[in-house]
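Quick notes on the structure that follows.
Rule-based calculations on the coordinates, nothing more; no lab input. Not measured: the values here are computed from a predicted model. Note: ideal-geometry Cβ built from the backbone for every residue, glycine included; neighbour counts use all protein chains shown.
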């Protein structure tokens, strides 16, 4: 298996995981009243986009 393909799959999997965690955190934060602890949302959204961009770059290297 090509290492670039492995990196692409890994980044895509991490991106999906971080998007799902962000979605769950956003729902949790939106249901709370008063002060919320939203650091999970703050850190997972940029990580999800970073891994999505990396997966796209590795995909473009395959072609």
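Key figures for this structure:
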{"read-out": "Value in Å of the Kirkwood radius, where the chain supplies the Cα pairs that are averaged", "value": "12.6"}
{"read-out": "Pairwise label distance in nanometres, residue 17 with residue 61, each label 7 Å out on the Cα-Cβ vector", "value": "2.0"}
{"read-out": "Separation in nanometres of the label points that stand 7 Å from Cα toward Cβ, at residue 47 and residue 7", "value": "2.0"}
{"read-out": "Tilt relative to the chain, helix 39-62 - C-alpha long axis, 0 to 90 degrees, to 10", "value": "10"}
{"read-out": "Helix 3-30 axis, angle to the chain major axis (alpha carbon atoms, nearest 10°)", "value": "10"}
{"read-out": "Value of [θ]222 nm, deg cm²/dmol, for the chain, DSSP H segments ≥ 4, -39500 (n - 2.57) each, nearest 500", "value": "-29500 deg cm²/dmol"}
